[in-house]
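Below is one structure, written out as structure tokens; comments come after it.
The values are calculated or read from the model by the stated rules, or taken from the named source; none is laboratory data. Just so you know, these numbers come straight off a predicted model, no measurement behind them. Neighbour counts run over all protein chains shown; Cβ positions are idealised from the backbone, glycine included.
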């Protein structure tokens, strides 16, 4: 099983064999960013060089291109197959025939930001209970070759053709696309998790799938009802693995069951540990679960809260995505941002243990962090992780010892990106800071993006992508120019 | 009939005089709803620990509302079992004089119970529950003079986090925002509860804000922030004067607007911001024109106060000082953590949602803290706005109301 199938694609795209030996001499790393976190390990890092440290959206300094999105955009960009994909809403309709509140997945050409096609999902009739108005598509897609996987606002896991209908073909078994114009999405298959799996997502289905080999992994967002008093569908799966070619469920698990505290808005991470390919799912019950990724056998579980924690004051669930680095899992806890600030916990976990590993698998624990939505970035033995209160922490990955904390003075929803010896992080005020990576705190620059940056900066092929609420910016050092 | 009218008129006069009396804070954000107290002689620096506590009670049940203080009484909303209740307390020791249920209490994932603050008016007190039950109670014994459910009667639907408004008295009218179709704001006769007018050009659902009254060059105007926009309606007939959407968001608009001279300031969170509008009266109507829009003040629920040309409030979690006329930022500080505030005698009284009470100088120069102390956690964020009145600081946190002596000795 190829852990990073995008490697081979990228190499194939280089026509001249002449360069192949040179490329092979370099570490085999993708220049694309084909899924949330870049790889199934979800580590927010990239070995990319020459990323920009200064830009200006007003003077267009280092702005390669800009694309207009809807008014609210939560589906973090991914870059693959020469395209950039983002989830947004329909407040700025690309197709004047399709108006009103919808969930939109937009596809742009990577080279110049030209709009190529969009996937449109109507809102659910049940309204905010399952599909909060105006929030668009909140899932960050995963691209594997010519196929893209994401979760719609209707709780569907959908496979699309990355070419849309631009190739003039309606690919795949699914033929009933309501829109078949040249700027519409070509659906290959759909798995309606509400209808077929009885999932009842709380407010929004948003999981960002991970692809590994033939399997897709995602969290269903199954949760409480509008009153927060009942879990309408406790037997529905919280976690699933599906065949990427057919959309058929390979295995499923409902471990959080009737103990879901609120919703389940996390995404899975994967890693090889203890001789097994494992998938890690943060549950809405505040536990992290490890499974044999191929069989669905539950290997272990880890309580992410102190035993005396009480929901919602001190007990959290997992919104962030677990990161696998150096054989260990790094994950911090938080809550729906609507629930505000509060205490958080950051853990380093050993996934080779079995059973209830809350004690046996805890390598270290940090409770200085506040509630967070952020996924960690680990590079050179350091962990960078931000929290909802607006602090960016740098700790030692092995010991958990703190090196520094940087105050953004604004709420942070996104995650830090560590790349090119720097750490990038955006905040609610719309500021993106660039810090020097390392044990010493040093701020290099701060740029404002014009509106809140709730997203995570994404590096791909020499370009940094930063999305604010309604715009996607491709940023690159113009002097060097992006490699192509 | 005639004599009854006369009697009401007489009471009305008496009440207006009463409301203006020194040492009262008879409604949400004080006599004029600016949340600025005119008191002086207060402690400039708090002792280590906390200022001396005069009394504390713990029987208010649930709720996020603040206190109204008039004469020797305190009015505050809370719950008893499953009812939404108005409490009348003895100002000297906090002991309950009477408690009256308005209707059922509502639960909510972010905390149940009422969110509003009663409006005291001499022999009457007005209060709106989280479920739309509005009542005029007699202050002598809490008996009901009249009661209406504004959601049912004006076909409004309750907000996600429940109605949070404190009714506004304007002369003989009681103003509330049911958010109904063609009844965004309504005026009721305060004596009878009968409808005087409905703002029929306004169908916005209610926000979580409360109305203020503004004299715009002679045009008396009701100003508030709905679920859709910052609005103004004419006080005598409810005619819609402006509807400004940019400073509103579609999740929760909470902060009470700030009116000063010929300008109104609106702010909301959720990545929105703030705006200053210039108001101009023309032929009995009012035109509103944007002076600035800024993202530097995104106030969630703690409100903003205007002191000597500067606004103070939490922009999301960061206490921010902003120049009113220009929107220019003077300073930002984490202070006591995301919270609320009030102003008196040169200082901001701050209450962080994580139960930290603070005192900081209201100056554009810099954040200068003059003391802080922790109150006990009640399981929910401490969102009730603090009140300074009669040399006392009143801090409500769910079931608890504590009174501290902050008079300079």
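Side notes on the structure shown:
- Residue in the range B:251-266 that is modelled with pLDDT under 95 and within 24 Å of residue B:115 (Cβ to Cβ) present: yes
- Yes/no for residue B:317 being out of contact with any helix residue (DSSP H, G or I) (no Cβ under 6 Å at 6 or more places or on another chain), surrounded by 18 or more Cβ atoms within 10 Å (Cβ to Cβ), closer than 26 Å to residue A:448 by Cα and without any contact (Cβ under 8 Å) to a residue 24 or more places away in the chain: yes
- Selection within the range B:258-308 - free of Cβ contacts under 8 Å to residues at least 40 places away in the same chain and either assigned to a strand (DSSP E or B) or on the phi > 0 side of the Ramachandran plot (or both): B:261, B:270, B:271, B:273, B:278, B:282, B:283, B:289, B:291, B:292, B:294
- Residue that is farthest from the chain's Cα centre (by Cα), among those in the range A:213-236 that are surrounded by 24 or more Cβ atoms within 10 Å (Cβ to Cβ) and part of a strand (DSSP E or B): A:222
- Search result, residues across the range A:301-316 that are surrounded by 24 or more Cβ atoms within 10 Å (Cβ to Cβ) and part of a strand (DSSP E or B): A:302
- Sole exception among (1) within 14 Å of chain A (Cβ to nearest Cβ); (2) within 20 Å of the chain's Cα centre (by Cα); (3) over 30 Å from residue B:263 (Cα atoms) for residue B:338, by number: (3)
- Among the residues of the range A:426-437, just one is more than 20 Å from residue A:378 (Cα to Cα) and either more than 14 Å from every other protein chain (Cβ to nearest Cβ) or outside any loop (DSSP other than H, G, I, E, B) (or both), namely A:431.
- Hey, residue B:209 touching a strand residue (DSSP E or B) at 6+ places or on another chain (Cβ under 9 Å), away from every other protein chain (no Cβ under 14 Å), closer than 28 Å to residue A:469 by Cα and touching a residue at least 24 places away in the same chain (Cβ under 8 Å) or not: yes
- Note on the range A:168-203: residues that are assigned to a loop (DSSP other than H, G, I, E, B) and over 30 Å from residue A:295 (Cβ atoms) amount to 15.
- Test: residue B:347 is within 14 Å of another protein chain (Cβ to nearest Cβ) and crowded, with 18+ Cβ neighbours inside 10 Å: no
- Of everything listed in (1) free of Cβ contacts under 8 Å to residues at least 40 places away in the same chain; (2) closer than 21 Å to residue B:378 by Cα, the single unmet condition for residue B:72 is (2).
- Matching option when the condition is out of contact with any helix residue (DSSP H, G or I) (no Cβ under 7 Å at 6 or more places or on another chain) and either closer than 21 Å to residue A:409 by Cβ or outside the structural domain of residue A:75 (by TED's automatic domain parsing) (or both), among A:435, A:464: A:435
- Residue B:122 being closer than 23 Å to residue A:338 by Cβ, more than 18 Å from the chain's Cα centre (by Cα) and modelled with pLDDT of 95 or more: no
- Wholly enclosed strands (runs of 3 or more DSSP E) of the range A:438-478 bearing at least 3 residues modelled with pLDDT of 95 or more and buried (at least 23 other Cβ atoms within 10 Å of the Cβ): A:458-460, A:463-467, A:471-475
- In the range B:350-375, residue surrounded by the most Cβ atoms within 10 Å (Cβ to Cβ) [restricted to those that are at negative phi, within 14 Å of chain A (Cβ to nearest Cβ) and in contact with a strand residue (DSSP E or B) (Cβ under 7 Å, 6 or more places away or on another chain)]: B:352
- The set of residues from the range B:242-253 being surrounded by fewer than 24 Cβ atoms within 10 Å (Cβ to Cβ) and either assigned to a strand (DSSP E or B) or under 17 Å from the mean Cα position of the chain (by Cα) (or both) comprises B:242, B:243, B:244, B:252.
- Residue tally, condition assigned to a loop (DSSP other than H, G, I, E, B), in contact with a strand residue (DSSP E or B) (Cβ under 6 Å, 6 or more places away or on another chain) and closer than 22 Å to residue B:33 by Cα, over the range B:104-129: 5
- Evaluated against (1) closer than 21 Å to residue B:303 by Cβ; (2) modelled with pLDDT of 95 or more, residue B:380 falls short on exactly one condition, (2).
One line per residue, one yes/no per condition, for (1) at pLDDT 95 or above; (2) assigned to a loop (DSSP other than H, G, I, E, B):
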position	(1), (2)
A:27	no, yes
A:36	yes, yes
A:40	yes, yes
A:53	yes, yes
A:58	yes, yes
A:86	yes, no
A:93	yes, yes
A:98	yes, yes
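- Restricted to the range B:398-409, and to residues there that are in contact (Cβ under 8 Å) with a residue 60 or more places away in the chain and not in a strand (DSSP E or B), the residue that is nearest to the other protein chains (Cβ to nearest Cβ) is B:398.
- The residues on offer are A:285, A:303, A:326, and the sole one that is in the same structural domain as residue A:415 (by TED's automatic domain parsing) and in contact with a helix residue (DSSP H, G or I) (Cβ under 6 Å, 6 or more places away or on another chain) is A:285.
- Residue within the range A:398-418 that is away from every other protein chain (no Cβ under 14 Å), under 19 Å from residue A:465 (Cβ atoms), under 19 Å from the mean Cα position of the chain (by Cα) and not in a loop (DSSP other than H, G, I, E, B) present: yes
- Within the range B:167-183, not a single residue is out of contact with any helix residue (DSSP H, G or I) (no Cβ under 7 Å at 6 or more places or on another chain), closer than 28 Å to residue B:389 by Cα and within 14 Å of chain A (Cβ to nearest Cβ).
- Residue match in the range A:136-144 (condition: within 14 Å of another protein chain (Cβ to nearest Cβ), crowded, with 24+ Cβ neighbours inside 10 Å, within 16 Å of the chain's Cα centre (by Cα) and closer than 21 Å to residue A:266 by Cα): yes
- For the range A:117-129, a tally of residues being surrounded by fewer than 20 Cβ atoms within 10 Å (Cβ to Cβ) and either within 17 Å of residue A:97 (Cβ to Cβ) or within 14 Å of another protein chain (Cβ to nearest Cβ) (or both) returns 4.
- Checking the range A:357-369 against the condition returns a match, with at least one residue being buried (at least 17 other Cβ atoms within 10 Å of the Cβ), closer than 14 Å to residue A:319 by Cβ and in the same structural domain as residue A:306 (by TED's automatic domain parsing).
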